[in-house]
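Structure first, then comments.
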Amino acid sequence: MIKKTVSGVEEALIGVENGMTFMLGGFGLSGIPEKAIAHLVKLGVNDITCISNNAGVDDFGLGLLLQNKQIKKMISSYVGENDEFERQMLSGELDVELTPQGTLAEKCRAAQAGFPAFYTPAGYGTEVAEGKETREFDGKMYVLEPAFKADFSFVKAWKGDEAGNLIFKGTARNFNPCMCGAAKITVAEVEELLPAGSLDPNEIHIPGIFVQRIFQGENYEKRIEQRTVRQRA
Amino acid sequence: MLDKNGIAKRIAKEVKDGYYVNLGIGIPTLVANFVREDISVEFQSENGVLGMGPFPFEGEEDPDIINAGKQTITTLPGASFFDSAMSFSMIRGQHVDLTILGAMEVAENGDIANWKIPGKMVKGMGGAMDLVASAENIIVAMMHTNKAGKSKLLKKCTLPLTGVGCVKKIVTNLAVLEITGEGFKLLERAPGVSVDEIVKATEGKLKVEGEIPEMKL
């Protein structure tokens, strides 16, 4: 067994520098690497590029890094729900590359899987395809999209083991598995870190080969963005 | 004239037994409330769930189980969770039978715009570009005119496009329309709405053939 455990978030983020590109898992606030984000705020690294489906809300998630003006560029599919983000984008302080959600996921997965680029129909004929190579296959048009290149991937899982194997929960899975092994170093934070052998190999979502560092985070806030309920009959 | 629930109710009639359906945010989300109970349908949410159920009872909300609108949800028997790449394999790979989404503008050739108003509002396209580029069966749910009374069914979209030539059917507060090679074709009128009112509210080319029936809800 190759051990991937580190002592905590401080050790997990060693090597993080100004100007780097980071991938961060999560959809809305669900499944975001809360501990890594909090430590990036504390370290104060700036001029960073973040690849993440969303940009958090004003006072949580990536919104914290935005408030601190640590982010130079965001690559996302949907950035509503964040006033500071919209303000920085419209004023030109923040560089934003809006990318269709499926393309964003596949650009991560392509980096993980060793594909330099792929063709997708998403965005053909729109401003997303401007300046990109297009090609026809079987009468339909496609856009060539390159794989992402990133320095660190920060992902959040439900359970993990010392070997770096990961299991996700519910829709907190989202972009996290696609980002594992898609950057030079993948840092996984988990709610429960177990000894090797504790997890059933049949149940592993992401094998430890895609993870370089793993640690257990404490007291996850897991904030709910839209609390919707129904009445009991 | 229909309200938002009325539009959702009419669209629900397009949902057939055995369909996997992706519902967009807004009016489309309401469609789930009106689907017949005697047919088997699974709702997909692009953040990674198939087999979405109703909202949870108070106290049973789980931050790890949400839909694409970031709302807390539940799952039904037979549900599954998956990652974002697999979610879009379902969409791009045309495994999802029906996509229902909102729009700011639709053009007579099937172009759709729904993600950006330059200089004013930029929320992003989310999964909409992937959905419209791949889905065979796309229904747009929207109001026929905007708040200023201007038509949203145009000759040509004025806003940045989400997809080209992809919309097949539109259900508005006034009418059900189809996109044909020769523009919009009027299929049904909303209760109490005249053909004349629909013609006036439609800027793009509108084909009206014979008697136009009133919608059955």
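Restricting to region B:181-217, what's the tally of residues that are without any contact (Cβ under 8 Å) to a residue 40 or more places away in the chain, of a type in the set (Val, Ile, Thr) and within 16 Å of residue B:151 (Cα to Cα)?
Result for region B:181-217: 2.
Tell me, which strands (runs of 3 or more DSSP E) lie completely within region A:116-233 with 1 or more residues that are more than 14 Å from every other protein chain (Cβ to nearest Cβ) and under 23 Å from the mean Cα position of the chain (by Cα)? Let's see the steps before the verdict.
On the way: elements: A:117-120, A:134-137, A:140-146, A:152-161, A:185-194, A:213-216.
Strands (runs of 3 or more DSSP E) meeting the threshold: A:117-120, A:140-146, A:152-161, A:185-194, A:213-216.
Which condition number does residue A:87 fail, the rest of (1) out of contact with any Cys (no Cβ under 9 Å at 6 or more places or on another chain); (2) within 14 Å of chain B (Cβ to nearest Cβ); (3) surrounded by 15 or more Cβ atoms within 10 Å (Cβ to Cβ); (4) assigned to a helix (DSSP H, G or I) being met?
(3)
Taking into account only those residues within region B:117-130 that are more than 7 Å from every other protein chain (Cβ to nearest Cβ) and free of Cβ contacts under 8 Å to residues at least 12 places away in the same chain, which is farthest from the chain's Cα centre (by Cα)?
Within region B:117-130, the subset more than 7 Å from every other protein chain (Cβ to nearest Cβ) is B:117-121, B:128.
From what is left, the residues that are free of Cβ contacts under 8 Å to residues at least 12 places away in the same chain are B:119-121.
On the way: B:119: 26, B:120: 23, B:121: 21 Å.
Ranking the candidates gives B:119 first.
Condition first: more than 9 Å from chain B (Cβ to nearest Cβ) and either surrounded by fewer than 24 Cβ atoms within 10 Å (Cβ to Cβ) or under 22 Å from residue B:118 (Cβ atoms) (or both). Now tell me which residues in region A:98-109 satisfy that. I'd like the intermediate steps shown before the answer.
Here is the first cut: in region A:98-109, the ones more than 9 Å from chain B (Cβ to nearest Cβ) are A:107.
None - no residue of region A:98-109 is more than 9 Å from chain B (Cβ to nearest Cβ) and either surrounded by fewer than 24 Cβ atoms within 10 Å (Cβ to Cβ) or under 22 Å from residue B:118 (Cβ atoms) (or both), so the list stays empty.
Just the residues that are within 7 Å of chain A (Cβ to nearest Cβ) and either surrounded by fewer than 20 Cβ atoms within 10 Å (Cβ to Cβ) or within 17 Å of residue B:33 (Cα to Cα) (or both), please, taken from region B:67-81. Outline the logic, then answer.
Pass one, region B:67-81, residues within 7 Å of chain A (Cβ to nearest Cβ): B:69-72, B:81.
Answer for region B:67-81, where residues must be within 7 Å of chain A (Cβ to nearest Cβ) and either surrounded by fewer than 20 Cβ atoms within 10 Å (Cβ to Cβ) or within 17 Å of residue B:33 (Cα to Cα) (or both): B:69, B:71, B:72.
Mind listing whichever residues of region B:55-66 are facing chain A (nearest Cβ under 7 Å) and either within 22 Å of residue A:158 (Cα to Cα) or assigned to a loop (DSSP other than H, G, I, E, B) (or both)? Let's see the steps before the verdict.
Pass one, region B:55-66, residues facing chain A (nearest Cβ under 7 Å): B:55-58, B:61-66.
Once the filter is applied, which keeps residues that are facing chain A (nearest Cβ under 7 Å) and either within 22 Å of residue A:158 (Cα to Cα) or assigned to a loop (DSSP other than H, G, I, E, B) (or both), region B:55-66 yields B:55, B:56, B:58, B:61, B:62, B:63, B:64, B:65, B:66.
In region B:131-160, which residues are within 12 Å of chain A (Cβ to nearest Cβ) and either over 30 Å from residue A:144 (Cβ atoms) or in contact (Cβ under 8 Å) with a residue 60 or more places away in the chain (or both)?
Restricting attention to region B:131-160, the residues satisfying the condition of being within 12 Å of chain A (Cβ to nearest Cβ) are B:131-136, B:157, B:159-160.
B:131, B:135 - these are the residues of region B:131-160 that are within 12 Å of chain A (Cβ to nearest Cβ) and either over 30 Å from residue A:144 (Cβ atoms) or in contact (Cβ under 8 Å) with a residue 60 or more places away in the chain (or both).
Bear in mind these aren't lab numbers, they're just calculated from the coordinates by the rules spelled out. Remember, it's a predicted structure, so these values are computed and weren't measured experimentally. Glycine also receives a Cβ, built like all others from the backbone with ideal geometry; neighbour counts cover every protein chain displayed.
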